[in-house]
Amino acid sequence: MTQFVDSPHRYGLVTRIFHWGMALLFAAQFASAAAHWALPRENALRDTLWSYHFNLGATLLLLVLLRGVWGLWNLRHRPSESGLMGSAAKAGHAALYALMIIVPALKIIGSAGSTRGFSYLGLQIFPARETAIAWTNTISE
């Protein structure tokens, strides 16, 4: 029977679903960014992929936070590696989690002060402003 929570010998089903599901979503996120920069303006594929970019980023931020809570809850039960490789893995994971939280948080702050505003899955989170707030745009760039 599949174990849902982590054990010292194996990551549980929930952790593995978070890991691989988020990996697929991050691949889609990077593909939308690559298409935005690589394809010419007024390209249908570029516009379609970019239209998902902000919602996908906000979804990933929520999933990162949920995965972090899940990981902390399972911390005592997780498989671990000792020595230099274990320390390197912990440092690498900490850096990745920091980036996965900081980057979208800065973009959301930028959206809060922009003339475009921010909506998530059709819900208006921050309305568009008539004039942008300069410092929010600066930190989001």
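Residues in region 83-116 that are touching a residue at least 40 places away in the same chain (Cβ under 8 Å) and buried (at least 16 other Cβ atoms within 10 Å of the Cβ): Met100, Pro104, Lys107, Ile108, Ser111.
To keep it simple, each residue is scored yes or no on (1) over 22 Å from Ala94 (Cα atoms); (2) part of a loop (DSSP other than H, G, I, E, B); (3) outside the structural domain of Lys107 (by TED's automatic domain parsing).
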position	(1), (2), (3)
Phe4	yes, yes, yes
Val14	no, no, yes
Ala23	no, no, yes
Ala28	yes, no, yes
Ala34	yes, no, yes
Leu49	yes, no, yes
Leu61	no, no, yes
Leu65	no, no, yes
Gly68	no, no, yes
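Of the residues screened, Thr138 is one that is free of Cβ contacts under 8 Å to residues at least 24 places away in the same chain, of a type in the set (S, T, N, Q) and either farther than 30 Å from Pro8 by Cβ or part of a strand (DSSP E or B) (or both).
Evaluate the following for Ser114: is it assigned to a strand (DSSP E or B) and either in contact with a Gly (Cβ under 8 Å, 6 or more places away or on another chain) or not assigned by TED's automatic domain parsing to the domain that holds Ala23 (or both)?
On the way: assigned to a strand (DSSP E or B): no; either in contact with a Gly (Cβ under 8 Å, 6 or more places away or on another chain) or not assigned by TED's automatic domain parsing to the domain that holds Ala23 (or both): yes.
Judged against the criteria, Ser114 is not a match.
Pairs linking a residue in region 117-129 that is closer than 15 Å to Ser51 by Cα to a residue that is part of a strand (DSSP E or B) and hydrophobic (A, V, I, L, M, F, W, C), with Cβ atoms under 8 Å and 6 or more positions apart or on different chains, are Gly117/Ile125; Gly117/Phe126; Phe118/Ile125; Phe118/Phe126; Ser119/Ile125.
Taken together, the residues in region 93-112 that are among the aliphatic types (A, V, I, L, M) and touching an Asp or Glu at 6+ places or on another chain (Cβ under 8 Å) amount to 0.
The values are calculated or read from the model by the stated rules, or taken from the named source; none is laboratory data. No experiment lies behind these values; they were computed from the predicted model shown. Neighbour counts are summed over all protein chains in view; Cβ atoms, including those assigned to glycine, are modelled from backbone coordinates with ideal geometry.
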